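Here's the structure, in structure tokens; my notes come after.
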């Protein structure tokens, strides 16, 4: 299961990098498509910040999770009067980049599909 998750993040990183290169360095997309992708990327960065650092929820009475979908930190206690214990792992450093990749995966995929459609239409003309 861990390998499958790692492969998904590698695919998301590659797709996001490729879409960003297409938008910034290729002239095949029109200005409107580029503007929409760049504004969408900035909006996604803000949304990722809010869901990673500002969103917390309680799955049960003795557990609090900060961050979604990849948690930043998890707090647990044994009883309602016990102190909160925090569980900070590697996600304290990687939660924001991982969430950003998750949120950018679908827009990047759509940009690459649009690029492929435009390229196919361009090749049919010649």
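Give me the percent relative contact order of the chain, please, defined on Cα pairs under 8 angstrom at least 6 residues apart.
Relative contact order comes out at 29 percent.
Rounded to the nearest 500, what is the chain's calculated 222 nm mean residue ellipticity when only DSSP H runs of at least 4 contribute -39500 (n - 2.57) each, over all residues? Kindly include the intermediate steps, with their values, before the conclusion.
Details: 3 runs with 78 residues, N = 126.
Result for the chain, helices only: -22000 deg cm²/dmol.
Between 0 and 90 degrees, rounded to the nearest ten: what's the tilt of helix 91-125 against the longest Cα principal axis of the chain?
20
Considering only DSSP beta bridges with both partners in the stretch 10-126, what is the antiparallel share in %, to the nearest 5?
Once the DSSP bridges in the stretch 10-126 are tallied, antiparallel ones form about 100 percent.
Any chance you could give the angle, 0 to 90 degrees and rounded to 10, that helix 31-49 forms with the longest Cα principal axis of the chain?
10
What base-10 log of the normalised intensity I(q)/I(0) is obtained for the chain from the Debye formula, alpha carbons as equal point scatterers, at q = 0.14, 0.23 Å⁻¹?
After summing over all Cα pairs, the log10 values are -0.72, -1.26.
By how many degrees, between 0 and 90 and to the nearest 10, does the Cα long axis of helix 2-25 differ from the longest principal axis of the chain?
With both axes taken from Cα atoms, the answer is about 40 degrees.
Return the single residue from 72, 94, 104 with maximal mean-square fluctuation; model: Gaussian network over the chain, springs between Cα atoms under 10 Å.
Result: 94 has the largest fluctuation of those listed.
Read-outs throughout are calculated quantities, based only on the coordinates presented, and are distinct from any laboratory measurement. Small disclaimer: the values here were computed from a predicted structure and weren't measured.
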